Every structure is written in C-alpha cells, then in structure tokens.
Amino acid sequence: MEGLISLKSSPGTSLRSFPSFNQPPNSFARRFSMDLPLRRSSFPAIRAQHPGTISPKEEEEEDALKVKEWEVGMFQNEVAASQGIRIRRRPPTGPPLHYVGPFEFRLQNDGNTPRNILEEIVWHKDTEVSQMKERRPLATLKKFIENAPPTRDFVGALKAAHSRTGLPGLIAEVKKASPSRGILREDFDPVEIARAYEKGGAACLSVLTDEKFFKGSFENLEAIRNAGVQCPLLCKEFVIDAWQIYYARIKGADAILLIAAVLPDLDIRYMVKICKMLGLAALVEVHDEREMDRVLGIEGIELIGINNRNLETFEVDISNTKKLLEGERGQLICQKDIIVVGESGLFTPDHVGYVQEAGVKAVLVGESIVKQSDPGKGITGLFGRDISL
C-alpha cells in the first residue's frame, strides 16, 4: 500500500513521494531532524536585498525549503520533542479536518487539552494563521512587498543607543494586556504610546500583534509605522509559519520574534533565511540552557533574547539571564558578535544594571513602562536617568 497513499497539503505546496510508513514514526522523525539541517546548509546563503527583489533562484530555494518543512510537519511534534521542545504545535489527537487515510485517523480525547498557556496560544495561532492564509495567500503578500518601503536597521539602532548612553538599548513594548497580568492599560492608544517611547529615548519598539491573548493587532503595528514613528519596529507575534513573516513585513515590521520554545531548529534556520531575504532582523528568544545551545548552533543569528519568564508557568527570575551567559556560552556569544536582549522582570535601574553586568546590550521592557501615565517618564524611572536625545 506504500505507493498508493495520497496525502493532501495546503494549496501551492509541492508533494513528493512519502517515505515508507513501515518505518516507526519516531525513527523517521529522528532521521529528518538530523538530516534536514545538513541538507539546508547546502543551499547558498540568501542575501538581504532591497525588499521585494527576489530572484528566481531564491524562489526555487525557498520552495525547496518549504517542501522539506512540510515533510517534517507530518511528524512535527516528534521532531520537536527530540530537540527538547515541550510545546506541541497542534493537538496530537482529534478529528481530522478531512479524511486522508488511516494514518491520519485520530480520536478525540484528553490529548486535546493544552498543557500550559503557551501551548494554548500556539494551538489557537495554528488555527488563526490557517484562516488568514486562505484569505491572503502568500502570492498576494509578495505583490504587496514589492511596493513596501525599505526596512529600518533594528540591530544598528540598538548598537547606536548602547554606544550613546552606555546603557542597554531599549526596546519599549506597546502592549495592552497579557495572559498573566490582564489589562495593563485601559486608555490604550498605540500611536501615542509609541511616540512617548520614542521621545523618552527608546531605540526600538516592540508591538504586540496577538489579538486573543494580548489584545494587540497587526493594525496597531501598521498605524505606528504610518504615523511617522522613526524607531525600528519589532513584530511581537507567536510565529509558527513563514507566512506570518511576510505579513509582518507588509504591515511595517523591521524585525520579528522567533521563539525557540515553539520552533524546531529546522524552522528557525528557514525563518532566519526568510527574514534576511526580506531585510528583517530576527530576534530569537530562548529561556533555558538547551534552547540557548540550540540557537548558538544556528548560523546567521544576530540577536538572542533571554526571557526571564518561564513560558510554561509564567514565573519570572532575572537571574536566568546571568545563568545563560556564564562560561563558554558567554564567550561564544562574544565571538559571534551576537547582541543579547534581556526580557521580562525588569522594573528598576538595579534590574537593568544586573542584566547589563551579566552581558546584555539591550533590554525589552513593556509592563513597567506602559502602565505609567507618561511612558516617557517611565523610561527615565527604569534607567534611573533621562536617556532621551
């Protein structure tokens, strides 16, 4: 029956003959998790070009990488688990969207209950992105990118701020709510908050685009960009599909967040290449030693964010930053000239000083400044002095 099995995919995805199902699934996943990064590395590096200028060769490489991503997606949770990723991309059980044969037959049971808030977010995002892709296919997004303005230098802005102030460059977060804290600011005007951040000395801005859990939107990102705010913008999204990177680009993003707790190495490699092709910076977020080691093994990483919040329990411990930057890891980061961004739990000048001493050159802060009546003054309070221009 091996050669007779028909598997469906999303529109526009090329299918190849699928490997034998006589192999145990875990064996198949291990083979792909070890083999695919090597195959990907054989592709020439995709160089950043003027946004929208994508050569036929690059499109062929992108399509080939996407096929591999699809193939691994058939056993995505198994591949992720082999790399220590506990967040499942989608429910492992439950009725399929359409019948595709006995190997996709699944039953509804307790496996459909998210094990933590991050998994709940990711499962919802999987459904949300699928619907958005149907309304706005990738081919449509690429046409919009052709007319998009150039991206701003996100990494350069952080370096310049650090050089100017002697303090970590600030990525100030435009955030209305969070699952752990609820509504942070009732009188939420994203453009006015962004302007206050810029006036207060922020080097870059982070804009939450998740609607259900953080009350954000891509419209907020677009409004801030169109309002003339000069700070480079990070799209703070739970990225599970390269489509989201293209969408962020046309909405005005200059950088995008990739979360190692969610994305296997294969996805991170692929998405970093897409970011470079579109002129975007990629902030790759880690929160434990294993994730840090995985990300340090990936070529082309320029920014690593250390989240002091446990993404499963949402507990915060800023000593996590120091722990992840000690010893050989810290030395390797210096050798690779990677900028480390401290994230979560930063409320006072002492907190900022602690993570700076540990080795960070930038900090991403939201709650402690967005809740202030004057976010600009909140920045002064965070650093202990005025850092505005």
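Conditions tested, residue by residue: (1) in contact with a strand residue (DSSP E or B) (Cβ under 7 Å, 6 or more places away or on another chain); (2) closer than 18 Å to Glu299 by Cβ; (3) assigned to a loop (DSSP other than H, G, I, E, B); (4) in contact (Cβ under 8 Å) with a residue 60 or more places away in the chain.
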| residue | (1), (2), (3), (4) |
| --- | --- |
| Val239 | yes, no, yes, no |
| Gln244 | no, no, no, yes |
| Ile268 | yes, yes, no, no |
| Lys276 | no, yes, no, yes |
Residues of segment 185-205 being surrounded by 18 or more Cβ atoms within 10 Å (Cβ to Cβ) and part of a loop (DSSP other than H, G, I, E, B), in sequence order, are Arg185, Gly201, Ala202, Ala203
Let me spell it out: the conditions are (1) more than 30 Å from Pro150 (Cα to Cα); (2) buried (at least 17 other Cβ atoms within 10 Å of the Cβ); (3) out of contact with any Leu (no Cβ under 7 Å at 6 or more places or on another chain), and Val272 meets all of them except one. Which number is the exception? (1)
I need the full set of residues from segment 318-327 which are at pLDDT 95 or above and assigned to a helix (DSSP H, G or I), in order please. Ser319, Asn320, Thr321, Lys322, Lys323, Leu324
Checked Ala282, Ala261, Ala253 against criteria (of a type outside the set (Lys, Arg), in contact with a Cys (Cβ under 7 Å, 6 or more places away or on another chain), within 26 Å of Pro179 (Cβ to Cβ) and assigned to a loop (DSSP other than H, G, I, E, B)); the one match is Ala253
Pick from Leu208, Leu266: which is among the hydrophobic types (A, V, I, L, M, F, W, C), at pLDDT below 95 and crowded, with 22+ Cβ neighbours inside 10 Å? Leu266
So the check is Cβ under 7 Å with 6+ separation or different chains; which pairs have a first residue in segment 304-317 that's in a loop (DSSP other than H, G, I, E, B) and a second one that's at pLDDT 90 or above and aliphatic (A, V, I, L, M)? Asn308/Val316; Asn308/Ile318; Leu311/Ala261
Could you please let me know if Val229 is touching a Lys or Arg at 6+ places or on another chain (Cβ under 9 Å), assigned to a loop (DSSP other than H, G, I, E, B) and within 21 Å of Arg88 (Cα to Cα)? no
Neighbours by Cβ (under 7 Å, 6+ apart or cross-chain): first from segment 368-383, farther than 20 Å from Arg164 by Cβ and in a loop (DSSP other than H, G, I, E, B); second modelled with pLDDT of 90 or more and among the aliphatic types (A, V, I, L, M): Lys371/Leu184; Asp374/Ala196
Can you tell me which residues in segment 211-221 are surrounded by 18 or more Cβ atoms within 10 Å (Cβ to Cβ) and out of contact with any Pro (no Cβ under 9 Å at 6 or more places or on another chain)? Lys215, Phe218
Can you tell me how many residues in segment 176-194 are modelled with pLDDT of 95 or more and either at positive phi or touching a Lys or Arg at 6+ places or on another chain (Cβ under 9 Å) (or both)? 2
When residues of segment 338-372 are filtered for being on the phi > 0 side of the Ramachandran plot and at pLDDT 95 or above, how many remain? 1
Residue list for segment 149-174, restricted to those being over 20 Å from Val352 (Cα atoms) and either surrounded by 20 or more Cβ atoms within 10 Å (Cβ to Cβ) or touching a Leu at 6+ places or on another chain (Cβ under 9 Å) (or both): Thr151, Arg152, Phe154
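The values are calculated or read from the model by the stated rules, or taken from the named source; none is laboratory data. From a predicted model like this one, the values you see are computed outputs, not experimental measurements. Here Cβ is always computed from backbone atoms with ideal geometry, including for glycine, and neighbour counts include all displayed protein chains.
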